[in-house]
Amino acid sequence: MHGPALSGWLLMVLCGFTGAYCLLRTREGTERERRAARGEAVMGFGMAAMAVPAALLALPEWTWAVYAVVFGAASLRALVYAARGGGHHWHHLVGSLAMVYMAVAMAPGAAHGATGGHLAHGAGPVGSAGGVPVLTGALLAYYALYVLRAAGRLIPAPAPAGVPAGGGIAGGAAGSVWGARPEMALACRLTMGIAMFAMLLTL
């Protein structure tokens, strides 16, 4: 298995695992947290399906239209909640719109000579010239900054004098149910951000 194909497999597994974990999170927390987890689960499974290597499964051409419709609806939902003051829903909105954009860019006929469908060799979309460079660049910049910010938040802060070590993100959630641990949710968002960045690079 050569490099690009391995990247496709890794993206599929990572996004699928992240989606499954987010699905578990929908059983715990406040209604707002469960709603965010549902959106992230849909995003994770959608990205995993989009990254399925062509050698494993040849998706029919209409699959890309389904992606566009599903994540178009997710974009409208995120916009409604973001307008009500849900801060993280703005990120969900960007992610859903990015999925619509990639579905359209990877659809058969989106570019001259496109044969469409999967990520080429499991990592890059066949006919990836369907992407718009300016829009792709803007999304890449957004996700690069998002990944750096999320990674920085995962770094534990130094414990103040007199406070036991481990009092940061991980320590504050030590007594919580594992599915509701905030650092795990943040790690999942970081994983999806990296995966989205990698997929956008192929456009």
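None of the figures in this text is laboratory data; all of them are computed from the coordinates on show. Computed from a predicted model, the values in this text were never measured in an experiment. Virtual Cβ from ideal backbone geometry, glycine too; neighbours counted across all protein chains shown.
Quick notes on this structure:
- A Förster radius of 25 Å, combined with the Cβ-Cβ distance separating Arg34 from Ala58, puts the computed FRET efficiency at roughly 0.10.
- Taking a ≥ b ≥ c as the square roots of the eigenvalues of the Cα gyration tensor, the stretch 1-106 is classed as oblate, since a/c reaches at least 1.5 and a/b does not exceed b/c.
- In a fully extended conformation the segment linking Leu6 and Arg27 would gain 4.3 nm over its present Cα-Cα distance, using 0.36 nm per residue.
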